[in-house]
Amino acid sequence: MTGMDGKVAQAGKGTRNIKCFMCVLLLPFSWLYELATRIRNHMFDTGMLKSQKFTVPTICVGNITVGGTGKTPHVEYLAELLGRVCSTGVVSRGYRRKTKGLVVADSNTTADEIGDEPFQIKKHFPTVHIAVCARRATAIERLLAPDIKPPVDVVLLDDAFQHRYVAAGLNIVLVDYNRPVYSDRLLPAGRLREARSGLARADMLVVTKCPKELTEKEGTLFVSKCLMLCGKSLARPKEGVFFSTLSYAPPYKVFGGGETTLAAIGESYKRVVVLAAIARPAPFAYEVRHYCNVACELLFADHHAFTTDDLLRLEKAAGNDGSTAVITTEKDAARLMSCAGRLSPVLRDNIYALPVKVEFLFNGQTVFNDKILGYVQQYQGNR
């Protein structure tokens, strides 16, 4: 080991020690948080707090951790699936939007008004009805109003597993394969929003962001660990366990232009700047580096709102001669579109978004689709 390698190793060890120390300090607060969430869940379970049911099928896509588990790509997958057979509505709280209260999206709505993720969904699926509101029940009631045409047949709840004021008919819970819940702690010492016992409320469990080479044996072991609690195993979700991975779709110019490929971008530009404000940017950056000469990476916290200083850094990194491309995520592209007036024409013309899409492993797509469509059809048949 060289002297430099030794210094890097020591720095990494020091960082880990600091994180462990902070975790220990925060544990008492995690215990208090767990107590509060258990009391709250008990109040819903016993009817002390009321959950509202609706006359249309409601499908919740959520998780028990903070950070990116791939909710938006899975909501988009469901929106596309359901959009083939019925009129679909999507309800979100609109995280980090600049508006308050209830907002129903239309073709002119911006990411600032509804949040980057709902904006992305609306862009991909213009016919989907989208409403954002902290009170999900209020948003659903608005989507079911007589003036919404065509009438909404099914509602997707984006990130509402802990929002139990709405009683979803089908709860799909996502867990990130790369961040196992069985080795995590509750907030603030860890990333868990509630105890792992909350997985018992899931009707379907989807292990997301799996490596494509994952074996069924490895997947089964992972799920068993997730469901093992205090020496006892939680019941497996009644509608099944599925495994998904994220793949990259063809990139496209954010401010107009058709699809291309990362390889073509790598051949056309001398350099590329990676811009990402997502929970786990490493896989995204790795994909770009595989095809392009990455000059630098501008990375920010998840859902970061780009400031004037941030845009100036981007302009400086990209230069003004058109020889450098910027490749960003679709979620970040949604926020960049709100900043269009503060970007130079040269920069705007060379920003690309790299979409992601969901793929199911072990031939699970057909079974998953049948479960979703079967629930909707059964619910509608029982009305």
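Does Leu314 count as part of a helix (DSSP H, G or I), closer than 30 Å to Thr88 by Cα, outside the structural domain of Glu80 (by TED's automatic domain parsing) and in contact with a strand residue (DSSP E or B) (Cβ under 7 Å, 6 or more places away or on another chain)?
No: the conditions fail for Leu314.
Which residue out of Ala160, Ala137 is surrounded by 16 or more Cβ atoms within 10 Å (Cβ to Cβ) and under 14 Å from Gly198 (Cβ atoms)?
Unique residue meeting the criteria: Ala160.
Go through (1) within 20 Å of Leu143 (Cβ to Cβ); (2) modelled with pLDDT under 95; (3) of a type in the set (Lys, Arg) for Arg96 and report which single condition fails.
(1)
Considering each of Thr324, Thr307, Thr328, Thr366 in turn, give the residue that is modelled with pLDDT of 95 or more, out of contact with any helix residue (DSSP H, G or I) (no Cβ under 6 Å at 6 or more places or on another chain), surrounded by 15 or more Cβ atoms within 10 Å (Cβ to Cβ) and of a type in the set (S, T, N, Q).
Exactly one residue qualifies, and that residue is Thr328.
Pairs please, first residue from segment 5-28 and assigned by TED's automatic domain parsing to the domain that holds Arg191, second anywhere and of a type outside the set (Phe, Trp, Tyr) and modelled with pLDDT under 60, Cβ atoms under 7 Å, 6+ apart in sequence or on different chains.
none
Evaluate segment 49-56: report whether one residue or more is closer than 20 Å to Phe125 by Cβ and surrounded by 15 or more Cβ atoms within 10 Å (Cβ to Cβ).
The answer is yes, given that some residue of segment 49-56 is closer than 20 Å to Phe125 by Cβ and surrounded by 15 or more Cβ atoms within 10 Å (Cβ to Cβ).
I need every pair where a residue in segment 269-298 that is touching a residue at least 24 places away in the same chain (Cβ under 8 Å) and over 10 Å from Val326 (Cα atoms) has its Cβ under 6 Å from the Cβ of a residue that is among the polar types (S, T, N, Q) and surrounded by fewer than 20 Cβ atoms within 10 Å (Cβ to Cβ), sequence separation at least 6 or different chains.
These pairs meet every condition: Lys270/Ser323.
I want to confirm something. Restricting to segment 333-359 and keeping residues that are of a type in the set (A, V, I, L, M, F, W, C) and farther than 30 Å from Phe243 by Cβ, which single residue is farthest from the chain's Cα centre (by Cα)?
Per the stated criteria, the residue is Val346.
So, in segment 229-255, of the ones that are closer than 15 Å to Ala202 by Cβ and of a type in the set (A, V, I, L, M), which residue ends up surrounded by the most Cβ atoms within 10 Å (Cβ to Cβ)?
Per the stated criteria, the residue is Val241.
Kindly evaluate Ile172 against the criterion of being among the aliphatic types (A, V, I, L, M), surrounded by 18 or more Cβ atoms within 10 Å (Cβ to Cβ) and in contact (Cβ under 8 Å) with a residue 12 or more places away in the chain.
yes
Based on this model, can you work out whether Val346 counts as among the aliphatic types (A, V, I, L, M), surrounded by fewer than 16 Cβ atoms within 10 Å (Cβ to Cβ) and not assigned by TED's automatic domain parsing to the domain that holds Gly68?
Here the answer is yes, as Val346 does meet what is asked.
Any residue in segment 281-299 that is small (Gly, Ala, Ser), within 28 Å of Arg191 (Cβ to Cβ) and part of a strand (DSSP E or B)?
no
Just wondering, is there one or more residues in segment 46-59 that are in contact (Cβ under 8 Å) with a residue 24 or more places away in the chain, β-branched (Val, Ile, Thr) and under 23 Å from Tyr182 (Cβ atoms)?
For segment 46-59, residues in contact (Cβ under 8 Å) with a residue 24 or more places away in the chain, β-branched (Val, Ile, Thr) and under 23 Å from Tyr182 (Cβ atoms): absent.
Condition first: farther than 30 Å from Tyr375 by Cβ and free of Cβ contacts under 8 Å to residues at least 24 places away in the same chain. Now tell me which residues in segment 233-256 satisfy that.
Within segment 233-256, just Gly256 meets the criteria.
The values are calculated or read from the model by the stated rules, or taken from the named source; none is laboratory data. Every value quoted in this text rests on a predicted model; they were computed, and no experiment measured them. We place every Cβ from the backbone using ideal geometry, glycine too, and count neighbours over all the protein chains shown.
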